[in-house]
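A quick write-up on the structure given underneath.
All of the numbers you see were taken from the coordinates with simple rules; none came from a lab. Bear in mind the structure is a predicted one, so any value in this text is a computation, not a measurement. No Cβ is skipped: glycine too gets one built from the backbone with ideal geometry, and neighbour counts run over all protein chains shown.
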Amino acid sequence: MFNFLNTTVLIAAAAALIPLLIHLFSKRKVKIIEFSSLKHLKAMQRRQVRRLKIRQWLLLITRMLIILLVVLAFARPTTERGSIGSHASVSAVILMDNSASMNRYVTDGNLFDIAARRTFELLQTFGENDEVNLLPMAGLDESKQFPAFTSSAVAVEKLARIERRSFAAQLEGALDYTDNLLLQAHNLNREIYFVTDRQRNSLPDTGLLKSTEAVTYSVELPLEQDDNCGIIAVDFGGQLILPGHDFTITARIKNYGNADRDDLIASLYLDRNRVAQTDFAVAGGEETAVKFARSVSYTGFHSGYIELSDDKFPGDNRYYFSFKIPERFNLLIIDGDRTGRLLSLALTPSQNINQYWSVKETTPDNLAGVNFWDYDVIFLAGTPVLSATYLQRLRAFVSQGRSVFVTYGADTDTAYFNTAWSPITGVVYDKPVPRTFSRAGYYSLHSFEIDHPVFSVFSFDESRLPEIKFYALPETRLRDNVRTLMSFTGDRPALVESSYGSGRVFTFTGPIDARHSDITGHAFFVPLVSRIAEFLAADLSSYDLQLYCGQNITRAISAGGSIRTSLLLTAPDSGRTALTPEEQQGALVIRIPPADLPGIYRVNYQGREVDRFALNIDPAECDLTSVDTDQFAAAVGTDNLSSLDFDDNIASVISESRFGKELWQLFLWLAAALIVTEILLSRGSPQEQS
């Protein structure tokens, strides 16, 4: 049965009766007069009269059909089954991808702009009785309220406000919104449209639309072969950065395409100046490292970025970083076995010497009133037993980016250590140091990781290590993901490096008191402790952090005193936001809402900069690989995903999908054929006209 999209035109079908009315009213009455002289003449054979009448009726029917077919053509007939009339109202959800991967360029222009135009064309297909919801797939959770259905006109206004974002599409969350929206839909006809690049990394793990009864469409975009190259990380290698000393910045760059690239240029910008540039090559599908060596001349905050030459996806051509060189380190020593004094003397042998740090000594019983966040690094001499409150604060101190140095002592409670500190240090003590031992034999330092920044200033090599004696050692083993920087003979770990949250932890596993070792009297002890303090207090973790746009970020703040008012966050575009600090496990922190703009962010308190950090686009978003429609359909959980090809007229295809295939052209061709037939019939044959 036919369905008509323009039913009001059907009223004009009554015009098909006009030829019949004309025929009836123009029919003349014939008066018969007998004329005897012609009785023997045949004016017309009955067969000819019958044929003439048939032709007249055919002409009448043909003219009526011509008018009827023309009217039906303008009524836009379709092959949809159902009652005569326009389509039933639709409830539709349009998921538009505005993630970072959409901000790339193809032959036809910017992909996001193309997607916006296609979405606008799609919105024009909805009528007054339809309800529509346009959902951006990136930043959807920022909505203050659950989105509701609106008219297509309101959706067009919303489309104009949708912006490109610098983070990934939240497809799973968008599908969850969609499922809930359609449960509230007022119309039985329900449709879902995806306007996306079908990025592989954004696909959900489970098909959330399996139970949703809706017709689904993929609005195709002009996707092209991925030949993108981008920076996926910048690494400082854990080195110690000091003013006037060269340090190395390494950028890891990935070629996402299949073709080798040998025409790339990388530039280093430091404190707003371009300070270095180099060309490099990278094979298809591979990564490479580009290194720069530079120095800075002053302490304080520094920032910059590494930039690649332009390509079709600018989002990953620049990677920002920041770091801080403190003017003065504040160091706290919590003494648990009287070796804290030895560590303090190694750091400050004389008060007359200007050092990088200020050292404070205390004991576990005198921690009341001590704010750990006033210090850059904390030494735990002999691993003192702390109350649960202080232990929790120390864990928070480390997890949020600060550092501790833990030393084992002759009186260390190994059971306490394994419970409280093994998860942080990565060191487990199976047996404590022996209470009685002979000094006839000893352990010595067996190996160093010479390339580590702590040992980079020492001139010794593996064949000429310092002769230091350790007469007794505990039995230890290491957890996973720890790094042994120095070992005793017998391959026992001596100095171990680990990470906990965003902070660093160093652990010296053997006792350093004079009864068990002669290390404190050796010339190696003072520079070793100093280098450990410099390395840990330099807060390297702060510029090795990988912070990405769209994340919830918590920053620990130390302003050198109490903070009484809000802090001011300045974004890369100079936009400013007031942030109220709050206490978290003894630390003063600020919570920064998900930011959309890559670049350098600064935090100021009363006009003084107290923090600086960099945000970048998540490298996962820079892999522009797309899946085909079948894979996409399987990921979202639909068995029937129709594609609206890029060359298709959206209005026409959607109309055919909703109502069936339009047949107005066929009706017009039939009307034209009947016009030709009418012309031929109206001429008649020469024999009949004579």
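Normalised Debye scattering of segment 329-537 at q = 0.07, 0.14, 0.15 Å⁻¹ gives log10 I(q)/I(0) of -0.19, -0.80, -0.94, counting only Cα atoms as equal scatterers and leaving out solvent. Axis angle, to the nearest 10 degrees, between helix 388-399 and the longest C-alpha principal axis of the chain: 60 degrees. In the chain, a dipole from Cβ-located charges (positive for Lys and Arg, negative for Asp and Glu) runs towards its positive end, and of PHE236, LEU72, GLY575 it is LEU72 whose Cα lies farthest in that direction.
In whole percents, the pair-distance distribution calculated for segment 235-386 from its alpha-carbon pairs, binned every 5 Å from zero, is 2, 7, 14, 14, 11, 10, 9, 8, 8, 7, 6, 3, 1, 0.
With no solvent and one equal point scatterer placed on each C-alpha of segment 230-324, evaluate the Debye formula and give log10 I(q)/I(0) for q = 0.10, 0.19 Å⁻¹, two decimals. Log10 I(q)/I(0), no solvent term: -0.27, -0.87.
For the pairs LYS291/LYS469; LYS158/LYS210; LYS291/LYS312, flag any whose C-alpha to C-alpha distance is greater than 32 Å. Mind dumping the intermediate values first?
Details: LYS291/LYS469 40 Å; LYS158/LYS210 28 Å; LYS291/LYS312 24 Å.
The answer is LYS291/LYS469.
Each residue in GLU224, GLU286 was given a count of other beta-carbon atoms within 10 angstrom of its own, and listing them fewest first yields GLU286, GLU224. Helix-only arithmetic for the chain: the sum of -39500 (n - 2.57) across DSSP H runs with n ≥ 4, divided by the residue total, places the mean residue ellipticity at 222 nm at -7000 deg cm²/dmol.
Within a straight-line Cα-Cα reach of under 12 Å, LYS254 can be paired with the following aspartates and glutamates, leaving aside sequence neighbours fewer than 8 residues apart in one chain: ASP227, GLU286, GLU287, ASP316, ASP623. Here the residues LEU473, LEU122, LEU445, ranked from fewest to most Cβ neighbours within 10 Å of their Cβ, fall in the order LEU445, LEU473, LEU122. Local charge for LYS291 was computed over the other residues whose Cβ lies under 14 Å away, with Lys and Arg +1 and Asp and Glu -1, and equals -2. Treating cross-link reach as a plain straight distance, find the aspartates and glutamates whose alpha-carbon is under 20 Å from the alpha-carbon of LYS431, omitting any fewer than eight places away in the same chain. Counting by Cα, and skipping residues close in sequence, LYS431 has these aspartates and glutamates nearby: ASP337, ASP411, ASP413, GLU475, ASP480, ASP491, ASP513.
Could you order the peptides 152-160, 594-602 from most to least packed, using the average number of other C-beta atoms within 10 Å per residue?
On the way: 152-160: 15.7, 594-602: 18.8.
Final packing ranking: 594-602, 152-160.
Put in order of Cβ neighbour count within 10 Å, fewest first, the listed residues HIS186, HIS302 become HIS186, HIS302. Using a cutoff of 8 angstrom between alpha carbon atoms and counting only pairs six or more residues apart, the relative contact order for segment 230-324 works out to 32 percent. Structural size metrics of the chain, computed from C-alpha coordinates, are Rg and Dmax of 41.1, 165 Å.
Under 19 Å of direct C-alpha separation, and excluding same-chain neighbours fewer than eight residues apart, LYS324 reaches these aspartates and glutamates: ASP235, ASP246, ASP271, ASP374, ASP376, GLU534, ASP539, ASP544, GLU609, ASP611.
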